[in-house]
Each structure stands twice: as structure tokens, then as C-alpha cells.
Amino acid sequence: MGEHVQLTVLHVHFWADIRNAAGSVEKVIMGFAAHGASYRHHIACCPGDGATMDNDYEYQGVAVSTFHEDRLRNRVLNKVLGLRAFTYPSLIRLIHRLRPDVLHFHNRQELVDAVLKRLDYRPAICVHYHRHFAAPVIPMGADRLVFVSNATRAYIYSRVRADVPDCVVYNPLSADLLARAEISGARMAPSTLPVLLFGGGGSPIKGGAELIEAFCSLGPGRARLVLAGRGVENLASTTEDIEVVGEVSAEQFFTLMKNADAVVMPSYYEPFGLIAQEAMLMRRLLITTGSGGLAEFVDADCAVLSDGHEPEALRDALNRALILLRDAQRRDSVIDNAYARMAGFMPEKIVVDMELCYDAAVHASQGTATA
């Protein structure tokens, strides 16, 4: 029998430097790539820092290559002339150099077909939907669609029709999170004044404004609320009981969570809910509306659930959480249940699900290539 040849997958990420894993997509990509089993994983990312030279490097044991956008071409052909021209030729050169068996696109779904038609061979194509889009795009060349939750799958299909086979693969716990959770050790005992952490920023769908109104209605001296995330400073200013820290790095956010007693997610909708994952693994009480993908791994046994997004409902949930924090036995039971749920999201388990999706995509692409 011939020697088994390990196939290669190239994760394509258009929007970030994988080394600055502040966003959920970067953490998820690293969770897959750092724990590859039957596939060799390589990451291609576009840092967006204006660089025109591409680099190869290793990050946490994973091979990474950068590509860049031709900004002059984009400015002239797209912004001035409105031609919708493809402006990532360095990505095509990178793919031709590496020749991966699978291309796994994590964003910019509208560019997938443009990439595929410029290649001199036919790799398998997986297209991942980490977020919701008002007008989602299903590429014609996709062999498999990947959704972060059943809720996200239902949302996308409610807006666009697709005949492409799909799979739901939950987000794995990130390597950084696992390391920091281990360092943080057992949860902290509630301080004299419990600390509640909100990390949703200023986006209206995250429910920050409603949370602040609910928190203020509790009255002074009940707890401290720490507000983090881009644009959150537009929702409130720092007061005696509210601290506004704004946008922070992933490392700083982990520190905020380590020093908090509870994490609040009053979102109107969550495609998945990475912050909830982080809170549950770090043994911090979760207070949430349980919306969207959150409902697939969060319930009243492992979190304090709000009956709605309105300030009155959130105030009730905050009150119940503050009471729970003072009841060590009940609090420990809820938090231990949450921590146990995270066993199902260990990267070694999730990456198997993802690589089974790659297998199906490779099989489908072979039929496409010979058709």
C-alpha cells in the first residue's frame, strides 16, 4: 500500500492579523489550526496595515502567510469607477505557491468565486458563516457551507436559498483561552461589591443600552458594572458604580473577566456567543438572554437567564444573579454545570467535526473537477 499523504487546508481570513486574536474569528481559526488531526492546517491572513510585502511565519506552532490588497487598484477601479474588481492578486499567488487541497474561507464570501476562477487547479471550497449578514452570499463554487450554530444556519437560509450541502460546527475553545483559564484557576469569591462585566461594545444588538438602564435602576451600591468593547463609551460615562474601559486587547479582556464575578450578555441575537464560552470556562457566572446560538449550549442550569431584552426583564435577571452570588452552594452548582458544558467544545473534539466536513468537500470537489 502507498504511504498516506496528509492533505492541507488553508484558512483564508481577509480582515486581521492572526497574532492579534482580539476577535472571535481569529480565535476560532487558531482553535482549528492548532489542533489539526488528519489535515495539515495553514493560515492566510490579510492584516490590513497597508503593508505591500507578504511574509511567512509560525505562530503558536501553526504556519501563517500574509497577503495584501492592491489598494491603488481598489481605489481606482472600485471606489472611483465602481467596477467591483478583484483586488487581492497576492492571495492568488499564495494559493498557487502552497496549493492546498482545501480552501476554508472565513469571511468575504462574495470574493470566493472570484478567487476560484483565477486558480489553475480546483481545490475543495468550504465557506464559513461566523456572523449574520443582511444580504448573505452563497458562492457558486462552494462545496460545503459551515455554520457556527443551527440558529445561524436558519437565519442565513431565511434570507437566501442554497443547494450546497452544509454542516454545523461549533466554535472550539481557543488555545489562549484554555491557557488563561488554567492560569486563573478556581473562580474568585465574590467581593464585597460584585463586579459585572459587559464586553459587547456599543453595537445596538448587544443590548448595552438596555443593560445600563437596568443596572442603574438597581440603585447605588449594589454592584459595579464594567463596560468594554468598541463604542461602549457612547452608551455611558464612568460613574461611581460604572467603569467604562472601551475597546481592549484580548489579554486585557481576559484580565477583566478574571477580576469579575459575573459576565453579562444581554444580546438581542448571538450567532454563537464566544464570550459566553469564555465566561463558562473561566467559572464566571453568566447572565444572558440566551438568544440565537446561545440557546444551543446555555440554559437555566448553567446561567441566569433574562426573560427578555427590556430593562425591566434585565433588572430582574441582575437581581437574581446578585442573590445567587451570595449563595455559595447554589452559585457553585450553576457555575460547575457551566464549566462541565465546555467539555463538548474542546478543540480536539471540534476539529474532528470540522475535518469530516473537509473530507466531504474534497469528495465533492473531485466530482466537480472531473465533470
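Annotations for the structure displayed:
- An oblate overall shape is assigned to the stretch 42-175, the ratio a/c of its alpha-carbon gyration tensor axes (a ≥ b ≥ c) being 1.5 or greater and a/b not exceeding b/c.
- Residue separation of A37 and D299 scaled by 0.36 nm, minus their Cα-Cα distance, works out to 91.2 nm of gained length.
- Seen from A361, the other residues with C-beta closer than 11 Å to its C-beta sum to a net charge of -4, counting Lys and Arg as +1 and Asp and Glu as -1.
- Global form of the stretch 176-344, assessed from the alpha-carbon gyration tensor, a/c cut-off 1.5: rounded
- Measuring between their Cα centroids, the stretch 319-344 and the stretch 237-257 lie 23 Å from each other.
- The label point for A328 and the one for N234, both projected 7 Å from the Cα toward the Cβ, are 4.5 nm apart.
- Farthest positive-ward along the chain dipole, Cα basis, beta-carbon charges - from L225, H35, A63: A63
- Axis of helix 328-341 versus longest Cα principal axis of the chain: the two differ by about 10°, to the nearest ten degrees.
- Computed [θ] at 222 nm, deg cm²/dmol, the chain (DSSP H ≥ 4; -39,500 (n - 2.57); rounded to nearest 500): -10000 deg cm²/dmol
- Principal-axis tilt of helix 24-33 within the chain, Cα atoms, nearest 10 degrees: 60 degrees
- Relative contact order, percent, the stretch 176-344 [alpha-carbon distance under 8 Å, six or more residues apart]: 23 percent
- Within the shell defined by Cβ-Cβ distances under 13 Å, the residues around L77 carry a net charge of +3, with Lys and Arg each +1 and Asp and Glu each -1.
- Beta bridges per DSSP with both ends in the chain, % antiparallel, nearest 5: 10 percent
- Cβ-Cβ FRET estimate between V164 and R97, R0 fixed at 25 Å, reported to 0.05: 0.35
- In degrees, nearest ten, helix 347-370 long axis to first principal axis of the chain (Cα): 30 degrees
- A simple charge model with +1 on the Cβ of Lys and Arg, -1 on the Cβ of Asp and Glu and nothing else charged puts the dipole of the chain at about 700 debye relative to its Cα centre.
- Close amide H pairs (under 5 Å, H built 1.01 Å from N) link V226 with L196, L197, F198, E243, residues at least 5 positions away or on another chain.
Read-outs throughout are calculated quantities, based only on the coordinates presented, and are distinct from any laboratory measurement. Fair warning: this is a prediction, and the values are worked out from it, not measured in the lab. Ideal geometry is used to build each Cβ from the backbone, glycine not excepted, and the neighbour counts take in all protein chains shown.
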